[in-house]
Structure formats: structure tokens, C-alpha cells
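Structure first, commentary second.
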Amino acid sequence: MADKRITPARPDLAAAHLKGKVEAELFVEGEKFMSLRGHNPMRAAPDSHAEQQTELLCGELFTVYEQKHGWAWGQIASDGYVGYVHILSLCPYVEATHRVRALATPLLTRPHIKAASNGVLPMNAALRLGQACGDFFQTDAGYVSYRHLAPIHEFATDFVSVAERFLGAPYLWGGKTVAGLDCSGLIQTALQAAGISAPRDTDMMEKALGVETGGADMQRGDLVFWKGHVGVMLDATRLLHANAFHMEVFAEPLDQAIARIEKSGSAVTSVRRL
């Protein structure tokens, strides 16, 4: 059975490429959009109070299959996630030239450090750069500092170091920015910054990433999985993870995390090495 999280299909509507594979009343071709806002909630239903499943970042390709009552239903290209995003946050897709490598960068109204900000772009947001203005570049969203950017295909060399930069960031279900992120959002964001594609949710990650080690001889970068949770080893003994117990990205001894999570009825399911 197709995974509904990453399959653009409903009983009434589905993507044209799924014709013959799923049942639906209507099959349509998608339209390519993206967001110029820093990060936009993708919701489980067309309702601002519906659960946030993930986030659509600025510049990410979002294929839209339906626009209705102010909402767009579609699929994020990078990880395949399907859901609802506010139409007002979207614009036609253009190829990006650069990505944000900093935790976040302000969008300025003019190329000056004292300029007003119209928002913030998070790490991994993508942009097409326009004219250079001193230390800033003009974009469709505003002016950004070149010091916070990297060419779209230039990546960090150590995803664990990227993850460590989020220490203290608040826990937010479905989040994947320094403003708030969940356990899989932290890992996916750090891997993406290092040029490594990863699914959005922990169960998908556990199936897709790395090889099982059995938990012996822990190393920096090992991914530790529980049912519905994941963290990354900083070294042989310390785990970094976004978690709802501390309500932030937190580093602690692995043994301490295992003992606490076991009390809630969950044991480690695997340790995987990239």
C-alpha cells in the first residue's frame, strides 16, 4: 500500500503520473511553485489549526495539484512530503543559484546593515541571486548578506557539526528551522546542509539511511533510532537530539537518554552509520 505521506493521491484527486497505480476520481498534472517566505507550515488538512507535518522552505520546489479556498495541496520535491500550504505564500518556481548556510539570515529592505527586515530565511532556504550591492545581494525576497550564503551545490563537510549549531533551538513538531524543529527535522536539515538527501520521518530514515551497526563501537555521526525518535552521536557516549522532554535540541549521555526513553516504553530499534 502506498505511503500517504509521500503519495499525492486522495480518493477525489491524484497526480497524473499515478494513473493506473492508485484509484481516484480525477488525475491532474501538477504545477511548479515555490515559496518566497522563509518557512511555511505544511498542514495535514486545509486549516490553519491542523497539525503541522513539516515545513516548506523558501525556494523549495512544491508541485501543486489543487488550489482551493486559499490552500494549495501538493508535494515537496526534496523529500516527497504531501500536504497543504497557504496559496498566498507561493509563487512560480525558479531555479536557485545559492542556499543559506547560516542558521538564518535576515531579509533586508535595502543593502545596508541598518535596513529594516522583512523576515528571516532559515538554513537550506534557496535563492536566485540578482545584482551585488557591496556585501549584499538582491533577490526576489529582499537583500541578503553574501556571508550567509553558499552556491547551491556547495555543502558542509560534517553534518554533525551542522546539527551541533542548533543546540538550544526549541522543539517544534514538524519544524525544520532554528525557530523550532523536531527530531527528524534536525537530522534531515543537517544532512541536507551536507548534501545528503534524507526522508522526513524517523521510520523512513531508519529504512533509507546507512547500515546497521548493532550499536557496538559507537562513533560520531551514528544515528540512534527509537520508534518515532532519532538522534545523532557526537562521540562514543553523547547523543544530540531534538526532544520533547527538554523541549529543545539537547546533548546528553546516550545511556541517560536510553534509560529515560525506556521508562516511556520505547527501546532503541537500531543504530545506523552513514
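Would you kindly state how much longer the chain becomes between Leu129 and Asp217 on full extension, computed as 0.36 nm times their sequence separation minus their alpha carbon distance, in nm to one decimal?
Numbers: separation 88, 0.36 × 88 = 31.68 nm, distance 4.49 nm.
Full extension of this stretch gives 27.2 nm more.
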Lys, Arg +1 and Asp, Glu -1 on Cβ, resulting dipole of segment 171-252 about Cα centre, debye, nearest 20: 200
Which whole-angstrom value gives the distance between the alpha carbon centres of segment 1-26 and segment 204-274? 34
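Excluding Ala244 itself, what net charge comes from residues whose Cβ is under 13 Å from its Cβ, given Lys and Arg +1 and Asp and Glu -1?
Numbers: positive: Arg260; negative: Asp182, Glu248.
For residues surrounding Ala244, the net value is -1.
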Not counting ligands, DNA or RNA, and with a 1.4 Å probe, what is Arg272's accessible surface area in Å² rounded to the nearest 10? 40
Mind scanning Lys32/Lys68; Lys4/Lys207; Lys19/Lys207; Lys21/Lys68 and naming the pairs with a C-alpha gap bigger than 22 Å? Lys19/Lys207; Lys21/Lys68
Hz values of 3J(HN,Hα) by residue in segment 245-255 - Karplus curve (6.51, -1.76, 1.60), Gly and Pro given as x: 6, 7, 6, 6, 6, 9, 10, 7, x, 4, 4
Ordering Lys68, Lys114, Lys176, Lys32 by how much accessible area each has at a 1.4 Å probe, largest first, what is the list? Lys114, Lys32, Lys68, Lys176
Which of the following values of Cα extents along the principal axes in Å was calculated from the structure shown: (1) 54, 50, 32; (2) 48, 39, 35; (3) 56, 40, 34? (1)
Amide N of segment 196-213 lying under 17 Å from the label point, which is placed 7 angstrom from the Cα of Ala244 along Cα→Cβ: 201-203
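Would you mind estimating how fast segment 183-274 diffuses translationally, via Stokes-Einstein at 20 °C and 1.002 mPa s with the Kirkwood radius over Cα pairs, in µm²/s? Write out the running numbers ahead of the final one.
Details: Rh = 13.0 Å.
D, rounded to a whole number, is 165 µm²/s.
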List the residues whose amide H sits under 5 Å from the amide H of Gly38, counting only those 5 or more places along or on another chain, with H placed 1.01 Å from N in the peptide plane. Val120
Using the basic label-point model (7 angstrom from Cα toward the beta carbon), what is the Asp203 to Val22 distance in nanometres? 1.6
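Given the alpha-carbon gyration tensor of segment 1-144, what are the semi-axes of its equivalent ellipsoid in whole angstrom, ordered largest first, with each equal to the square root of 5 times an eigenvalue?
On the way: eigenvalues 214, 41, 29 Å².
Taking √(5λ) for each Cα gyration eigenvalue gives 33, 14, 12 Å.
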Evaluate the distance, in nm, between pseudo-label points positioned 7 Å from the Cα of Gln256 and of Asp140 along their respective Cα→Cβ axes. 4.6
Which shape class applies to segment 105-216: rounded if a/c is under 1.5, otherwise prolate when a/b exceeds b/c and oblate if not, where a ≥ b ≥ c are the square roots of the Cα gyration tensor eigenvalues? prolate
On the protein heavy atoms, probe 1.4 angstrom, tell me the percent of accessible surface of the chain carried by carbon and sulfur. 54
Roughly how big is segment 119-274's charge dipole about its Cα centre, with Cβ charges of +1 (Lys, Arg) and -1 (Asp, Glu), in debye to the nearest 20? 180
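Per 0.36 nm of contour for each residue apart, how much would the distance between Thr157 and Asp12 grow if the chain were fully extended, relative to their Cα-Cα spacing? Display every interim value, and only then the final one.
Numbers: separation 145, 0.36 × 145 = 52.20 nm, distance 4.45 nm.
47.8 nm is the gain from fully extending Thr157 to Asp12.
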Using 10 Å bins from zero, what percent of all Cα-Cα pairs in segment 1-84 falls into each bin? 19, 54, 25, 2
For the chain, what is the calculated [θ] at 222 nm in deg cm²/dmol (nearest 500), taking -39500 (n - 2.57) for each run of four or more DSSP H residues and dividing by its residue count? -3500 deg cm²/dmol
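Grab the beta carbon distance between Arg273 and His69, set R0 = 41 Å, and tell me the FRET efficiency rounded to 0.05. Please report the intermediate quantities before stating the final value.
Details: r = 46 Å, r/R0 = 1.13.
Efficiency at R0 = 41 Å is approximately 0.35.
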Considering the dipole of the chain built from charges on the beta carbon (Lys and Arg +1, Asp and Glu -1) around the Cα centre, which of Pro111, Gly185, Tyr84 is farthest to its positive end? Pro111
Using a 1.4 angstrom probe, figure out how much accessible area segment 153-213 has per residue, in square angstrom, rounded to the nearest whole. 40
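Using +1 on the beta carbon of Lys and Arg, -1 on that of Asp and Glu, and nothing else charged, what's the dipole of the chain about the Cα centre, debye to 20? Mind showing how you got there, number by number?
Details: 26 positive and 30 negative charges, 98 e Å.
Charge dipole, the chain, about its Cα centre: 460 debye, nearest 20.
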So the label point goes 7 Å from the Cα of Asp47 along Cα→C-beta, right? Which residues of segment 82-97 then have their backbone N under 18 Å from it? 83-87
What order do Leu234, Leu88 take when sorted by accessible area (1.4 Å probe), most exposed first? Leu88, Leu234
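The values are calculated or read from the model by the stated rules, or taken from the named source; none is laboratory data. Every value quoted in this text rests on a predicted model; they were computed, and no experiment measured them. A quick note on method: Cβ atoms are made from the backbone with ideal geometry, for glycine too, and the neighbour counts reach across all protein chains shown. Side chains are part of the model used for accessible areas, which takes the heavy atoms of the whole protein and leaves out ligands, DNA and RNA. Shrake-Rupley method; radii C 1.70, N 1.55, O 1.52, S 1.80 Å.
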